Amino acid sequence: MAIQWSLISDGKQIWVTTKRKGSNLIPVSNSHWRKTLCMLIPALVFTCLIVLTLSQQSPVWMPLDDAYITIGNVDLFLSGRSDLYGNDGPTGASSLVHFLVLAFLSQFTTTPEASLALSVLSAGAYMIGLWLLLCSVSGSRIVAASGSIAGLLLGFAWLHLMNGLETGMAMAAITWAFFLRQTNRHVALSILIGIMPFIRPEFYVLSALLFISIIVVKPINYAYCVKIFFISASAYIILALVSVLILGSVWPDTAGAKEAFFAEKGEVFSSRLMVALRAVVETNLLVVFSGLVFAPFLRGGWVALAFFGIFVLSSALKLPGALYHNDFRYLYPLLPIAIASWTAVLTARQVSSAPVFVIGALLSVYAFATSSWPVYTIQWKSGSEERLITAEWMTENLPSNSVVGVHDAGFIPWKIASTVSNQNIRFVDLVGLKSPSAIKFHEEFTAPSNGKERWRAFDVLGRERKIDYIIVLDRPFWRRIEDSFKTAGWDINLIFANEGGYQVFSANPN
């Protein structure tokens, strides 16, 4: 029997709906004040995260160098000039949607500030989508609030939401896609299906699987299938045309450039598969990601499990080490679905998930405050300093008309181009993202030899482009670039010893 009783709080009378259980009065969880609290707490946590992040942003810094490839592409697109790589249009971009939104926001502020604003908007969309998804799965706002907080704080989630790339947008898109699927909002989902391949290339597979999950129902409504296909295809075709006009193609070649450069396909498949699977384990979120096994408990959840399997298998076939890149950023779009999958299985088994998620949220807050956030601040500070110092030294010391080889093709060329007028320094991307002509040399020498003859690719590229200097990050893998040029017979001398950061070497072929 439901009754109402009142309590006095801060001088105000609050009516709370309750039900009788034996001789005890048990408050029902759907009271208005609890609903409000469960929405306000995640919003408060999100606001605190934004304030903390902004405290590290004077001036605005992106933690990943690749973010400045996109920033530079937007500057190039808006200015109509060539970049310091000699490109007349955006090059090395993997996300058309991210590029377009960033270009729009850059009309109102500087491009780095627009990039930060876009990261905040994407993170906000992600949090709201995750709250709605968890609420729709569990029917509990406590679970939704706790899971949303955990989704913001677990592991490297917040770093990836703020990394200046499309990761946060991808996390938001996949969250909203499964919310729309969970709640059978098929028209809105069909639009998103057409858009998602232009957020991340691997979302081609996810979009196809989501489309199949909508239409493969019994009995099949063919008219409805045609409608959904038309909506998705229309969204896709529009963006495909825009991509061809702006980027020159529908499919970005960034993955092909990395695949040829890192050259991991020469290993036996079983070894590559183990590398890919080990990356999932070493995220330190194995317990959370293992929830993907229970994805079929979601409506259309088999899509998530199938996508995860295809994604890991594809990575093993092409570039398994990529799953480690930038603190596992390519795996993090699956984080919200893993959380939702745990919610679904606990709900289906009639296990009280609220205590589990509250404890998980509290642990994620503790881990973020004591571990993750200190690491984030170090990355923001050290990353910005090690890049800026080198860019400033180059501006002051390198002669005009110098040709510089780089492997991190974002910040340093962007900084020099944005602060120095009539700067004649030219850059060559040794990996190939910003210098597509380099890809053919890695395909000819690096990839077939499993990286052993990468030095030949550097030698041919360096002589063809007349490289005078190279910039190398003082890390074990990237120091191989210096060794490769020496193997090719080049005279390589350190001229700027930025220990632990980006070092500059003179490079002269013999």
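A few remarks follow.
- Picking from residues in the stretch 424-438 that are over 17 Å from residue 68 (Cα atoms) and open to solvent by 30 Å² or more (accessible area, probe 1.4 Å), the one that is modelled with the lowest pLDDT is 424.
- When 100, 105, 118, 133 are checked against the criterion of being under 30 Å from residue 297 (Cβ atoms), modelled with pLDDT of 95 or more and among the aliphatic types (A, V, I, L, M), a single residue qualifies: 133.
- Flag for residue 499 being crowded, with 17+ Cβ neighbours inside 10 Å and either within 31 Å of the chain's Cα centre (by Cα) or over 25 Å from residue 68 (Cβ atoms) (or both): no
- Among residues of the stretch 60-81, those that are farther than 12 Å from residue 418 by Cβ and of a type in the set (Gly, Ala, Ser), counted: 2
- Members of the stretch 307-364 that are more than 24 Å from residue 163 (Cβ to Cβ) and of a type in the set (S, T, N, Q): 341, 343, 347, 350, 352, 353
- Residue ID - farthest from residue 407 (Cα to Cα), chosen from residues in the stretch 29-88 that are of a type in the set (A, V, I, L, M), in a helix (DSSP H, G or I) and in contact with a Gly (Cβ under 6 Å, 6 or more places away or on another chain): 67
- From the options 357, 427, residue that is in contact (Cβ under 8 Å) with a residue 12 or more places away in the chain and in contact with a Lys or Arg (Cβ under 8 Å, 6 or more places away or on another chain): 427
- Complete set of residues in the stretch 216-271 that are more than 28 Å from the chain's Cα centre (by Cα) and within 27 Å of residue 451 (Cβ to Cβ): 268
- Cross-chain or 6+ apart pairs with Cβ under 6 Å, the stretch 164-186 first and touching a residue at least 12 places away in the same chain (Cβ under 8 Å) and at positive phi, then open to solvent by less than 10 Å² (accessible area, probe 1.4 Å) and assigned to a loop (DSSP other than H, G, I, E, B): 164/62
- In the stretch 462-477, residue farthest from the chain's Cα centre (by Cα) [restricted to those that are outside any helix (DSSP H, G or I) and surrounded by fewer than 16 Cβ atoms within 10 Å (Cβ to Cβ)]: 466
- Among helices (runs of 4 or more DSSP H) entirely within the stretch 239-353, having at least 3 residues that are touching a residue at least 24 places away in the same chain (Cβ under 8 Å) and either open to solvent by less than 40 Å² (accessible area, probe 1.4 Å) or of a type in the set (D, E, K, R) (or both) singles out 254-262, 269-281, 302-318, 335-348.
- Taking the stretch 211-232 as the range and being among the hydrophobic types (A, V, I, L, M, F, W, C), touching a Ser or Thr at 6+ places or on another chain (Cβ under 9 Å) and touching a residue at least 12 places away in the same chain (Cβ under 8 Å) as the test, the residues that pass are 211, 214, 228, 229, 231.
- Filter result for residue 53 (crowded, with 17+ Cβ neighbours inside 10 Å, in contact (Cβ under 8 Å) with a residue 24 or more places away in the chain and out of contact with any helix residue (DSSP H, G or I) (no Cβ under 7 Å at 6 or more places or on another chain)): yes
- Residue match in the stretch 488-496 (condition: in a helix (DSSP H, G or I), hydrophobic (A, V, I, L, M, F, W, C) and either farther than 25 Å from residue 67 by Cβ or without any contact (Cβ under 8 Å) to a residue 60 or more places away in the chain (or both)): no
- Lone qualifier among 347, 370 - being within 25 Å of residue 44 (Cα to Cα) and more than 23 Å from the chain's Cα centre (by Cα): 370
The values are calculated or read from the model by the stated rules, or taken from the named source; none is laboratory data. Keep in mind that what you see is a predicted model, and the values were worked out from it rather than measured. All Cβ positions, glycine included, derive from the backbone under ideal geometry; neighbour counts span all protein chains shown. Surface areas here come from the heavy atoms of the whole protein model, side chains and all, with no ligands, DNA or RNA. Shrake-Rupley method; radii C 1.70, N 1.55, O 1.52, S 1.80 Å.
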